[in-house]
Every structure is written in structure tokens, then in C-alpha cells.
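Colleague: Encoded as C-alpha cells, here's the structure I'll be asking about.
The values are calculated or read from the model by the stated rules, or taken from the named source; none is laboratory data. Remember, predicted model here, so these are calculated numbers, not experimental data. Reconstructed Cβ throughout: ideal geometry from the backbone, glycine too, with neighbour counts over all protein chains shown. For the accessible areas, the whole protein counts, side chains as well, though only heavy atoms, and no ligand, DNA or RNA atoms are used. Shrake-Rupley method; radii C 1.70, N 1.55, O 1.52, S 1.80 Å.
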Amino acid sequence: MSNYSKQTNWGQFIPLVTVFFFWGFVAASNDILIPVFQKAFKLTQTESMLVQICFYVAYTVGSLIYMAVSKGLKQDLINKIGYKNGLILGLLISASGTLLFYPAANLASFPLMISGLFIVGLGFSLQQIVANPLAIEVGPTETGSQRLTMAGGINNLGTTIGPLIVSFAIFGAASAANTEASIESVKIPYLLLGVAFVLVAIMLKFSSLPAITPTIIEDTDDVIPGDHKTSAFQYPQLVMGMIAIFVYVGVEVSTASNLPAYMEKSLGFETKDVAPYISLYWASLMIGRWTGAVEAFDLSAGFKKILRFLAPYLAFGVFLLVNAIAKHDLSPFYVYGAVIIVMIICDIISKGNPARMLLIFSVAGIAALLIGMFTTGMVSVYAFTSVGLFCSTLWPCIFALAINGLGKHTNQGSGYLIMMIMGGGIVSFIQGYIADKTDIQFSYIVGVACFAYLAFYAIRVTGILKSQGIDLDKISKGSGH
């Protein structure tokens with residue numbers, strides 16, 4: 001891609017990352033809706049996971065619609081309408097989905113509620129297709145992956161704040177006696193979210209973001225000399241990487257989606273008191289991604305090393321601050337500062353190699369889930385929430401490994417990887433089903449299986465890429481979804 005400037009254009013980048021914030025805000029807020037819907041509509045744990053099914057499968061459906069429209073136009077849709085208009089269209093589609101919450105709340109209709117979430121997800125799929133490459137385009141190519149990591153950190157700021165705001169809108173202040181929520185109370189926060197979508201669409205319309213896509217010069221040859229493949233599916237690193245994205249998003253989402261049920265049924269928490277722990281889970285992803293975003297800034301090597309230790313605790317401080325503003329008791333969370341050290345050690349050991357990082361963080365994720373499964377009380381809660389720390393860097397690692405060496409098939413491969421975000425819904429549904437058949441704590445065995453595949457992929461893809469002459473230490477990681 002061409003670059004508009006030798007330096008990052010922050011005037012274009014800052015309005016762009018508002019959409020990353022929205023993705024995180026809504027995704028994490030779903031974890032608050034699940035227990036509310038479960039009680040209001042008397043759903044089983046399996047049925048309540050339809051919230052995640054509808055939201056995350058919408059990404060796949062949206063990608064398929066995008067491909068079909070592009071094929072019908074005989075031209076890539078975004079190349080035709082431009083980056084800016086693509087983002088605006090995606091925001092307006094999501095805004096239309098929030099409108100369904102009004103009749104859904106009035107009619108107390110669960111199908112209408114999840115239909116609204118599905119439409120919001122459709123809009124997000126188009127926004128994802130546009131925003132990820134655009135974040136690279138607004139500055140130098142060599143720091144593009146770091147800007148994407150920074151955008152992922154903004155995404156996780158949304159995931160940290162979202163559960164707290166939605167919980168407050170539904171239940172009121174943390175000190176309030178209200179522990180139940182009517183479906184009527186859900187519609188206002190989502191209608192306000194729809195208004196925010198429209199306002200950001202207007203802001204983008206008048207922003208300096210490029211109205212049209214730049215000219216993209218595609219490599220006409222495959223990376224490996226003499227290797228002229230006709231499809232991205234002929235690359236094993238991509239096919240296995242698609243499964244890896246599926247199970248990664250699956251374990252990331254299902255761990256948080258089933259946490260409220262575990263805390264309520266096994267530990268006796270009230271629904272309204274779960275929000276800070278959901279916020280901590282998603283803040284854990286922010287902690288990891290803020291650390292990775294350090295490279296996006298033009299700083300000395302020594303200062304960057306210092307920031308790699310400070311950034312995680314700065315992100316943790318943001319979590320503590322927003323919970324203090326929400327008047328939640330912070331004393332249960334201070335001990336989590338020690339858990340963050342484990343993530344920092346894993347990051348140092350990986351030395352920036354994406355395959356090594358994927359392996360180390362996957363093994364750490366397995367350990368966290370097993371501790372959560374075989375302990376009780378707050379130790380198990382901290383173990384389950386720490387999964388967010390070990391998921392924080394996995395998307396960029398998998399993405400970079402899966403598309404490396406694809407040459408002219410890189411864009412096709414990227415599109416297939418985005419489609420696999422549906423794993424967030426399907427894996428959550430599987431875990432919910434197992435929870436209904438056994439118990440909620442044992443159901444986390446699903447996450448263990450997901451991490452086990454990711455560890456296998458890290459080992460297997462190392463051999464595949466080395467056989468293609470690719471140096472893994474030179475692969476640049478991408479961003480959080």
C-alpha cells in the first residue's frame with residue numbers, strides 16, 4: 001500500500017479508532033446481557049449463548065455478503081465506494097440494529113433482541129474489513145502493525161468500560177439494592193449506542209480520512225519462487241490458521257461469556273456484582289495489547305524497554321480508575337497486579353517471535369484454565385480472568401503466521417481469517433451445552449482444548465514456514481480484532 005505521509009497521520013488515526021472502541025464496547029457488554037436475558041426469559045446456559053452465536057456469526061455472514069456483492073459488481077466493494085463511505089455504511093447498519101431493541105424490549109421478545117445484535121454484528125463486519133487496512137494506511141508501513149496493536153488497545157478500553165456502563169444503565173449504582181433487571185431497562189443504553197454510531201458516522205464524514213482507497217499494487221507472484229498456487233486454501237499455514245482463529249476467538253469469548261453463570265451459581269454473586277470482573281477480564285486483553293503498542297511510538301530503545309514494564313500497569317490503572325468512578329470496591333483487585341507479572345515474563349521469554357509467543361501464551365492459558373477448574377473461590381475467578389492476559393497477543397500472532405508466504409493471495413487469506421471470528425459464538429454455545437450437561441466449572445475444558453490446538457499450531461506452523469524459507473523472527477505481528 002502507499003502511505004499518505006512519512007509520519008503517522010494522527011488526525012486520521014484518532015477518529016478511525018473510535019470504531020475499534022465500539023467493537024469492544026458491544027462485545028463485552030454482551031456478557032452482561034447474557035445473565036439478564038437468562039433470568040428474564042428463563043433460558044438454559046446453552047440457550048443464553050444464542051446471544052454470542054447471533055453476534056459473532058454475523059461477522060461470517062457479513063463477510064459472505066461482502067464477497068457476494070463484490071463478485072456481483074466484478075469489483076471489490078470497498079474499492080468502489082471507498083474507505084470512508086465503507087466505514088460510514090457499516091456504522092449506519094449497526095445503528096439500525098440498535099433500533100430493534102425498542103420493540104424487542106416492549107414486546108419482551110428474545111428473538112428480536114438477538115436479531116438486533118445480529119444486525120449490529122453485520123455492520124461491524126464491514127467496519128472490520130475497512131478499518132484494519134486503513135489503520136496501516138494512515139502512516140508508515142513499517143509501524144503499521146504497531147498502530148493496529150494500538151487500535152486493539154483502544155478496542156479493549158471499550159471492552160473494559162462497556163460492561164460497567166451497561167451494568168450501571170440496567171441496575172443503577174453499585175450500591176443500589178436493585179439486583180434484578182427488567183427487559184425494559186435494556187433498550188435505553190442500546191438506543192443511546194445507536195445515536196453514538198450515527199454521530200461518529202457524521203464525524204467521519206467530515207474527517208480527513210481518505211474518501212477513496214489508494215491504489216494497491218499487488219504482487220503478481222507467490223513469495224516462494226516457482227510456487228504458483230491458484231488459491232489461498234493451498235497454503236497449509238492459512239488453512240490451519242483459520243482453525244486457530246476460530247478456536248482463539250472461541251476461547252476468548254466463551255471464557256468471559258460463561259463467567260457470570262459460574263460466579264452466580266457456584267460462588268453466590270448477584271448479577272449486578274459480576275460486571276467489575278467481566279471488566280477485569282477484558283481489561284486483561286487491554287493490558288497485553290497496550291504493552292505491544294509501545295513500538296508504535298518514536299522513542300529510544302531504552303525508554304521502550306521501560307515502557308514494556310510500565311504499560312501493563314498503566315492499563316491496569318485505567319481499569320482501577322473506571323471502577324473507582326463506578327464506586328466499586330477495589331480491594332479484591334489489587335492482588336491481580338501480581339498475576340500481570342506472569343504475562344510480562346511470558347512476553348520477555350517469547351522475544352517477539354510470533355510462533356514462540358503463541359506457544360508460550362497458549363500453555364499459560366491452559367494452566368490458567370486448569371487452575372480455575374480445580375480451585376474454588378476467588379482463586380478460580382482470578383485464574384479465569386487471567387485468560388484475558390494470555391489471549392491478548394494471540395490474534396496478531398496467528399494472523400501474521402497464517403498469511404505469511406501467501407504472496408498475491410494475502411488479501412484473500414485475510415478475508416477467510418476474518419470469517420472465522422464466528423468461533424466466538426459457536427465455542428461459547430458448545431461450552432454452554434457442556435455446562436448444562438455437567439457443571440459450569442468443568443465446561444472450561446472446552447477452553448483447554450482450544451488452547452491445546454493453538455499450541456499445536458504454533459509448533460506445526462514453525463516447521464511449515466521454515467520449509468518455505470521464512471524467518472519467523474522477522475515476521476511482524478498484526479492487531480487485535
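Colleague: (1) modelled with pLDDT under 75; (2) open to solvent by 30 Å² or more (accessible area, probe 1.4 Å); (3) not hydroxyl-bearing (Ser, Thr, Tyr): which one isn't true of Pro210, the others all being true?
Modeller: That leaves (2) as the condition not met.
Colleague: Every residue in the stretch 71-92 that is open to solvent by less than 60 Å² (accessible area, probe 1.4 Å), in contact with a Lys or Arg (Cβ under 8 Å, 6 or more places away or on another chain) and modelled with pLDDT under 90, please.
Modeller: If the condition is that a residue be open to solvent by less than 60 Å² (accessible area, probe 1.4 Å), in contact with a Lys or Arg (Cβ under 8 Å, 6 or more places away or on another chain) and modelled with pLDDT under 90, then Lys84 is the only one that fits.
Colleague: Taking Val130, is it modelled with pLDDT of 85 or more, touching a helix residue (DSSP H, G or I) at 6+ places or on another chain (Cβ under 7 Å) and buried (at least 24 other Cβ atoms within 10 Å of the Cβ)?
Modeller: Answer is no for this residue.
Colleague: Select from the stretch 363-387 the residues that are hydrophobic (A, V, I, L, M, F, W, C), under 16 Å from Phe442 (Cβ atoms) and loosely packed, with under 15 Cβ neighbours inside 10 Å and list them in ascending order.
Modeller: Phe374, the sole residue that qualifies.
Colleague: Tell me yes or no: at least one residue of the stretch 417-430 is polar (S, T, N, Q), in contact with a helix residue (DSSP H, G or I) (Cβ under 6 Å, 6 or more places away or on another chain) and open to solvent by less than 20 Å² (accessible area, probe 1.4 Å).
Modeller: Yes, the stretch 417-430 contains at least one residue that is polar (S, T, N, Q), in contact with a helix residue (DSSP H, G or I) (Cβ under 6 Å, 6 or more places away or on another chain) and open to solvent by less than 20 Å² (accessible area, probe 1.4 Å).
Colleague: I've got another one for you. Out of the residues in the stretch 164-194 meeting the condition of being part of a helix (DSSP H, G or I) and open to solvent by 80 Å² or more (accessible area, probe 1.4 Å), tell me which one is modelled with the highest pLDDT.
Modeller: The residue in question is Leu192.
Colleague: Do you know which residues across the stretch 35-70 are among the aliphatic types (A, V, I, L, M), at pLDDT 90 or above and within 19 Å of Ala104 (Cβ to Cβ)?
Modeller: Answer for the stretch 35-70, where residues must be among the aliphatic types (A, V, I, L, M), at pLDDT 90 or above and within 19 Å of Ala104 (Cβ to Cβ): Leu43, Met49, Leu50, Val51, Ile53, Val57, Ala58.
Colleague: So if I check each of Ser428, Ser414, which one is among the hydroxyl-bearing types (Ser, Thr, Tyr) and closer than 22 Å to Met286 by Cβ?
Modeller: That would be Ser428, the only listed residue that is among the hydroxyl-bearing types (Ser, Thr, Tyr) and closer than 22 Å to Met286 by Cβ.
Colleague: What number of residues in the stretch 92-138 are over 26 Å from Leu204 (Cβ atoms) and without any contact (Cβ under 8 Å) to a residue 40 or more places away in the chain?
Modeller: Matching residues across the stretch 92-138 total 5.
Colleague: Moving on to the next point. Quick check: anything in the stretch 301-313 surrounded by 16 or more Cβ atoms within 10 Å (Cβ to Cβ), under 18 Å from Gly162 (Cα atoms) and either in contact with a helix residue (DSSP H, G or I) (Cβ under 7 Å, 6 or more places away or on another chain) or basic (Lys, Arg) (or both)?
Modeller: The answer is no, given that none of the residues of the stretch 301-313 is surrounded by 16 or more Cβ atoms within 10 Å (Cβ to Cβ), under 18 Å from Gly162 (Cα atoms) and either in contact with a helix residue (DSSP H, G or I) (Cβ under 7 Å, 6 or more places away or on another chain) or basic (Lys, Arg) (or both).
Colleague: Being hydrophobic (A, V, I, L, M, F, W, C) and open to solvent by 10 Å² or more (accessible area, probe 1.4 Å) narrows it down to one of Val239, Val253, Val274, so name that one.
Modeller: Val239
Colleague: Next up: I'm trying to understand the selection: among the residues of the stretch 379-404, which are under 27 Å from Ala232 (Cα atoms), hydrophobic (A, V, I, L, M, F, W, C) and out of contact with any Asp or Glu (no Cβ under 7 Å at 6 or more places or on another chain)?
Modeller: Within the stretch 379-404, Leu394, Trp395, Cys397, Ile398, Phe399, Ala400, Leu401, Ala402, Ile403 meet the criteria.
Colleague: To continue, here is another question. May I ask you to list the residues in the stretch 433-451 that are assigned to a loop (DSSP other than H, G, I, E, B) and of a type in the set (Asp, Glu)?
Modeller: Within the stretch 433-451, just Asp439 meets the criteria.
Colleague: Looking at the stretch 314-336, which of the residues that are of a type in the set (Gly, Ala, Ser) and without any contact (Cβ under 8 Å) to a residue 40 or more places away in the chain is least open to solvent (accessible area, probe 1.4 Å)?
Modeller: Checked the stretch 314-336; the qualifying residue least open to solvent (accessible area, probe 1.4 Å) is Gly317.
Colleague: Restricting attention to the stretch 405-416, and to residues there that are of a type in the set (S, T, N, Q) and out of contact with any Asp or Glu (no Cβ under 9 Å at 6 or more places or on another chain), which single residue is least open to solvent (accessible area, probe 1.4 Å)?
Modeller: Ser414
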